[in-house]
Each structure stands twice: as structure tokens, then as C-alpha cells.
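Notes to accompany the following structure.
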Amino acid sequence: AFVQSATGFGFAILAAPIYLAVINATGAIPLLVLVHLVQSAMVVPRLWPNAPPRMLKDLVLGALIGCPLGLLAFLRLDIATLKITVGVLILAFTALLIARDAGLLQATESRAAAEPSSWSTRATGVISGIMTALLVMPGPPVMLHLMGRDIAKDQSRALSLTAFAVSYVLVALLNAASGTLTRAIVVDAMVLAPAVVTATALGARASQVMSEGLFRRVVFALLIASGVGAILSAL
């Protein structure tokens, strides 16, 4: 919650491997969705006016297609496959972020100045929706889509967190309809809510005072540890 509040992504990427290892059941995923909703209720109301309207609309339209598809896939996965999938995706996404920071993945000037097309943004929304229902990880496709684009940091953070919130609501409703959202999961989410509220407030403050370089190095270390941990837990 702290990392996502400060950077705009990273909650499930860090939490999913731990939740899956401790709970050792696919119920960790709908639990994470509910926990995300707590944070979204705190940050989105003041952020969404800063999100680029057209891109937000296109991401949401894509998510309306992607979330049900992701749930269908989720219902067919066993816990070991889920852990390995989470671990591999985390490590792949971390490698891309490190490559971007090292200057190995830089868009050309003409591409960076252009706003992404509606179709490419909607396709990103579909993939993000699938990953929300499947792994509670809508962030990687959106962050890669925005990589190198000439979009201000505040706009990018507002866009991603608002779009993710819509996906969380959709997936929570789908989980409730499919029966994967049980009373025990709801109780666990209520128990975790105070920690999420506190960490979200601290993360918002940290984003204003912490050195970005130091913060990103810490995040990369946590991401690598989480990815490796998820794979080892499955094996």
C-alpha cells in the first residue's frame, strides 16, 4: 500500500507472492482485490480529475472486456501455477523497469510526443483487465504502454490509479457473482484495512520527500525478492 500510494503501482506485485505463500490458496487473489478497493477509495477521488480523459475512457472500455476473460482463466488455475505465473511476471516487469531506467528502452522523440492511439490504449485496457482478475496486477501493461510517453508524472499516476480502481470494482463484482468472494475473505479484508489506510497516507507523504533514486532502488530490490519468493514457494 505504501509503495503504490507513492509511485502509482506495486501493491499486488509486492503483496501477491506473500499472500499466496501464507494463505496457500487462490482465495488470496479476491482478498487482494478488496484490499485494493480500500486504498482506491482513499486516493482516487482527489486524483481522477488529473487523468487524461480520453486515455482513461479507453482503458476502462478495455477493462470491461478484459476483467471477465481474466476471471474465466482464474477459475481454472491451481495455486502452484498461479504462484509461478506471478513470480515470472514480476521478474519480467522488474527487468523492463530497470532497462528503462538504464536508458535501454527509450522511445523516439516523435513517438514520445504523441498520445497513444485509442485502439492501442483499449487493447492495453483489455490486457490490464485480464491481469486484474487473474493476478490483481493491472499495472505492468499500463506502465509499459505509458513508457517513454510525454505524460506528466502526476497525470500518469492519476490515470493508472483511477483505471485500476475501476478494474478492482469490476473484478470484485465478478468475484461476488461467481462465488469466489466468501464471507471469510471479506472479514480478512476488514482486518487488513487499517494497515492499508495508514500505509497509504504514509506513502503519499513519502512521495514528496524521499529521493526518487533511492526509493526506486529499494522498490527494485523488493520486486526481485518477491518474484523469486513466489517461484520458490511454488516449487
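The values are calculated or read from the model by the stated rules, or taken from the named source; none is laboratory data. Please read these numbers as outputs of a predicted model, since none were measured by experiment. Don't worry about glycine lacking a Cβ; one is built from the backbone with ideal geometry, like all the others, and counts go over all protein chains shown. SASA here: full protein model, heavy atoms, side chains in, ligands and nucleic acids out. Shrake-Rupley method; radii C 1.70, N 1.55, O 1.52, S 1.80 Å.
Any residue at all in the range 98-115 that is at pLDDT 85 or above, open to solvent by 50 Å² or more (accessible area, probe 1.4 Å) and either touching a strand residue (DSSP E or B) at 6+ places or on another chain (Cβ under 7 Å) or among the polar types (S, T, N, Q) (or both)?
Scanning the range 98-115, I find no residue that is at pLDDT 85 or above, open to solvent by 50 Å² or more (accessible area, probe 1.4 Å) and either touching a strand residue (DSSP E or B) at 6+ places or on another chain (Cβ under 7 Å) or among the polar types (S, T, N, Q) (or both), so the answer is no.
In the list T81, T85, T26, which residue meets the criterion of being at negative phi, among the polar types (S, T, N, Q) and not in a helix (DSSP H, G or I)?
The unique qualifying residue is T26.
Within the range 119-156, can you find the residues that are open to solvent by 10 Å² or more (accessible area, probe 1.4 Å), of a type in the set (A, V, I, L, M, F, W, C) and within 25 Å of R76 (Cα to Cα)?
Once the filter is applied, which keeps residues that are open to solvent by 10 Å² or more (accessible area, probe 1.4 Å), of a type in the set (A, V, I, L, M, F, W, C) and within 25 Å of R76 (Cα to Cα), the range 119-156 yields A123, V126, I127, I130, M131, L134.
May I ask you to verify whether L56 is closer than 15 Å to F164 by Cβ and touching a residue at least 24 places away in the same chain (Cβ under 8 Å)?
yes
Going by what's in this entry, would I13 be described as touching a residue at least 40 places away in the same chain (Cβ under 8 Å), closer than 14 Å to V136 by Cα, β-branched (V, I, T) and in a helix (DSSP H, G or I)?
yes
Looking at L170, L159, L202, L214, which is the one that is open to solvent by 50 Å² or more (accessible area, probe 1.4 Å) and touching a helix residue (DSSP H, G or I) at 6+ places or on another chain (Cβ under 9 Å)?
Checking each option against the conditions leaves just L202.
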